[in-house]
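Nothing in this text is a laboratory measurement; each read-out follows from the coordinates by a stated rule. The model shown is predicted, which means the values in this text are computed figures rather than measured ones. In this analysis, Cβ positions are derived from the backbone assuming ideal geometry, glycine residues included, and neighbour counts consider all displayed protein chains.
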Amino acid sequence: MKLFLPLILALPALPGFSQTLTNQGAILTVEAGATLYVAGGVLNQAGSTLTNAGTLHLEGDLTNAGTFTSPGLLLFAGTRTQVFRPGTAAVSAITLRNTGAAGANRLLVTQDLVITSLLTLTRGLVRTQGMETGAPLATLSLPDGGRIVGEGPGQYVQGRLALTRASVSAATGPVDFSNGLVLDSNEQNLGPVTVTRTAGLHAAGISYGTTVGGTRGIDRLWQVAARQPLSAPVSATVSWISDDDNGLDFTTSAQLWQADQASGPWTRQGAPATSSARRFTAIVTQLGVLTISNSSTSRPLTPESRSVGFTAQLYPNPVRGSEVPTLLVYIADAGPLSWQLTDALGRTLRSQTAPLLPGTNVLPLGPANGLPPGVYLVRIQQGTHHQVIQLIRE
């Protein structure tokens with residue numbers, strides 16, 4: 001059954017005019033199996049009730065200020081940018097099929113929204129932020145069982161996309177969050193895990209990170225939050241599309257990075273490898289925010305330095321402003337490493353002991369803006385290996 005509304009307002013249905021269906025204090029229901037076609041937008045005002053158990057086909061915007069539940073399908077099928085202001089709506093499924101020109105075929109979701117079942121992209125971009133300068137960033141959330149399908153170049157979610165899985169454990173094996181991250185717990189019980197991806201905004205510290213040496217990562221971050229902490233390394237596979245390359249060349253090798261927050265500081269996870277297919281797997285020792293950058297521009301240790309089984313480099317050096325001096329340490333055998341930052345008189349200013357895995361490890365020493373200009377020493381010990389590096393603060 002299809003329900004057509006050729007006349008939506010108390011206005012003549014003139015060709016070329018966009019119309020709005022306004023629900024003002026009434027109850028409007030689209031029954032299961034029915035389709036409501038709206039040539040323009042829908043405004044569900046305060047005190048009104050709109051229930052969609054069938055299909056609500058929209059060629060304009062949808063604004064909800066009342067009660068709106070949609071166990072059926074919302075189909076956004078306009079020819080220009082559409083806006084969804086959900087209010088407190090409960091939505092099961094959304095399909096975006098916007099046939100507008102590139103750059104004008106977005107669905108802007110300007111408030112936090114939960115999609116309980118499925119987000120399908122057949123044409124166009126979903127963006128969880130308005131296009132005006134300084135617009136707040138909303139979150140599109142899909143709970144356990146929810147998924148997104150159809151993402152690809154020119155057709156994905158720009159902004160913040162969060163997916164939750166009720167369990168990541170030995171019983172589940174690798175878990176695909178359908179937002180570009182697959183997590184294998186290595187037989188640990190991590191409990192519920194939420195992966196929030198922020199992508200496509202070209203915003204430093206929000207949708208991309210700046211790693212060692214000022215190298216930017218791809219325009220895509222994954223924040224991984226598990227109920228249970230890691231007791232052993234896990235495997236993470238991330239994937240992205242060409243839209244989010246952020247100017248990086250992935251015909252060279254890539255590196256996975258981790259930080260506690262999108263602004264850093266960042267530490268390497270696993271070893272560099274090729275990623276020409278925009279898919280990368282690494283062993284992760286810490287959860288948090290993950291991203292990818294070119295390893296070649298992140299100053300990895302050279303093969304010659306690795307041949308001795310232990311070596312450490314300090315970068316940047318000298319340091320200026322609020323730069324974070326960072327140790328790049330290569331070890332052949334796992335074990336704890338201790339470092340001390342001392343002044344010229346030998347007084348310890350900062351210190352840390354950290355467990356390291358074989359390969360290249362990254363250890364930030366803290367921001368330089370807490371150090372007066374001068375010469376400092378970084379003393380490093382790992383097993384029988386000792387090294388002292390001079391640090392200059394300008």
Among (1) 37, 27, 17; (2) 46, 24, 18; (3) 50, 21, 18, the entry that matches semi-axes √(5λ) of the Cα gyration tensor in Å as calculated here: (3)
C-alpha center-to-center spacing [the stretch 176-217, the stretch 139-172] in angstrom: 12 Å
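Work out, in µm²/s and without decimals, the Stokes-Einstein translational diffusion coefficient of the stretch 27-90 at 37 °C, 0.692 mPa s, Rh from Kirkwood over C-alpha pairs. Please list the in-between numbers first.
Values: Rh = 11.5 Å.
Roughly 285 µm²/s, to the nearest whole number.
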Relative contact order (percent, whole number), the chain, Cα cutoff 8 Å, 6+ residue spacing: 7 percent
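Below 14 angstrom from the Cβ of Leu21, what's the summed charge of the other residues (Lys, Arg +1; Asp, Glu -1)?
Working: positive: none; negative: Glu59, Asp61.
Local net charge: -2.
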Furthest towards positive pole of dipole, Ser275, Leu137, Thr88, structure part the chain, Cβ charges: Leu137
Table column - 3J(HN,Hα) (Hz), the stretch 245-254, Karplus curve with 6.51, -1.76, 1.60, x for Gly and Pro: 4, 6, x, 8, 9, 9, 6, 8, 6, 10
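Explain nothing, just the number: relative contact order of the stretch 141-196, from Cα pairs under 8 Å at least 6 residues apart, as a whole percent.
Reported as a whole number, the value is 35 percent.
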Cα convex hull volume per residue for the stretch 85-242 (Å³): 124 Å³
The chain - share of DSSP beta bridges that are antiparallel (%, nearest 5): 55 percent
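Where does the charge balance sit around Arg97 when Lys and Arg score +1, Asp and Glu -1, over other residues with C-beta under 12 Å from its C-beta? Walk me through the numbers on the way to the answer.
Numbers: positive: Arg123; negative: Glu59.
Every neighbour counted, the sum reads 0.
Relative to the compact-globule scaling 2.2 N^0.38 Å, provide the ratio for the alpha-carbon radius of gyration of the stretch 118-167. Intermediate values should be presented prior to the final figure.
Values: Rg = 12.0 Å, N = 50, 2.2 N^0.38 = 9.7 Å.
Normalised Rg, Cα atoms only: 1.24.
Of the chain, which part is the longest with no trypsin sites (Lys or Arg not before Pro) in a loop (DSSP not H, G, I, E, B) and with at most 16 other C-beta atoms within 10 angstrom? Intermediate results must be reported in sequence, preceding the final value.
Working: sites that count: Arg80, Arg227, Arg320, Arg347.
My reading of the result: 81-226 is the longest stretch.
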Positive-end extreme of charge dipole, the chain - chosen from Ala32, Gln340, Thr311 (charges on Cβ): Gln340
For the stretch 18-59 and the stretch 318-348, distance of Cα centres in Å: 62 Å
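Counting Lys +1, Arg +1, Asp -1, Glu -1, what net charge surrounds Thr139 among other residues with beta carbon under 13 Å of its beta carbon?
Numbers: positive: Arg127, Arg160, Arg197; negative: Asp112.
Here the count lands on +2.
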